[in-house]
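Input: a single structure, listed below in structure tokens.
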Amino acid sequence: MVRNFFADLKRHDLGPNFHERNYEGTFTERFMTEPLWGVGTTAPYGHDGRSPSLEDVILRHGGEATVQRDAFAGLSRASKNMVLSFLGSLVLFPPDDTASNLQPINPAAPRFPQNGHGAIALTVIFNDPTDVE
């Protein structure tokens, strides 16, 4: 089971702020819902990258998302910040870690866990001592 995916994988009309003019003069008006999985690490936002922040992209919504946009816009600043903080926490990998740690974690390293948290040792993977360069 996938957790925290946060998408319905359906196409929606998000209003004219998201519509795109195609080469032949038609418009694309419906876009597939992107999962929020990793949204904290994927700025800029929107399928076209025209929204520099999460708040901007939320407020840019219209069409089928007008009710949700208006609900967010009506929140107090403190409540908006809580929503934005939650969205910002949805990162693909924590900033101080990697998907795979081949070097051991060293809690005695200076500034641990910022440094000394482990790293991918690429030389172990790619260096072949029998290969004469």
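For the range 65-90, enumerate the residues that are in contact with a Gly (Cβ under 8 Å, 6 or more places away or on another chain) and touching a residue at least 24 places away in the same chain (Cβ under 8 Å).
If the condition is that a residue be in contact with a Gly (Cβ under 8 Å, 6 or more places away or on another chain) and touching a residue at least 24 places away in the same chain (Cβ under 8 Å), then Ala65, Thr66, Leu87, Gly88, Ser89, Leu90 are the ones that fit.
Give all pairs with beta carbons closer than 9 Å in which a residue from the range 13-35 that is in the same structural domain as Leu54 (by TED's automatic domain parsing) and more than 14 Å from Ala65 (Cβ to Cβ) meets a residue that is polar (S, T, N, Q) and in a strand (DSSP E or B); count only pairs at least 6 apart in sequence or on separate chains.
From residues that are in the same structural domain as Leu54 (by TED's automatic domain parsing) and more than 14 Å from Ala65 (Cβ to Cβ), the pairs are Glu20/Thr28; Arg21/Thr28; Asn22/Thr28.
Does His47 count as in contact with a Lys or Arg (Cβ under 7 Å, 6 or more places away or on another chain) and not in a helix (DSSP H, G or I)?
Working: in contact with a Lys or Arg (Cβ under 7 Å, 6 or more places away or on another chain): no; not in a helix (DSSP H, G or I): yes.
So His47 fails the test.
Would you confirm, using the coordinates I've provided, whether Asn17 is farther than 20 Å from Ser89 by Cβ, polar (S, T, N, Q) and surrounded by 13 or more Cβ atoms within 10 Å (Cβ to Cβ)?
yes
The values are calculated or read from the model by the stated rules, or taken from the named source; none is laboratory data. No experiment lies behind these values; they were computed from the predicted model shown. Cβ: placed from backbone, ideal geometry, glycine included. Neighbour counts: every protein chain shown.
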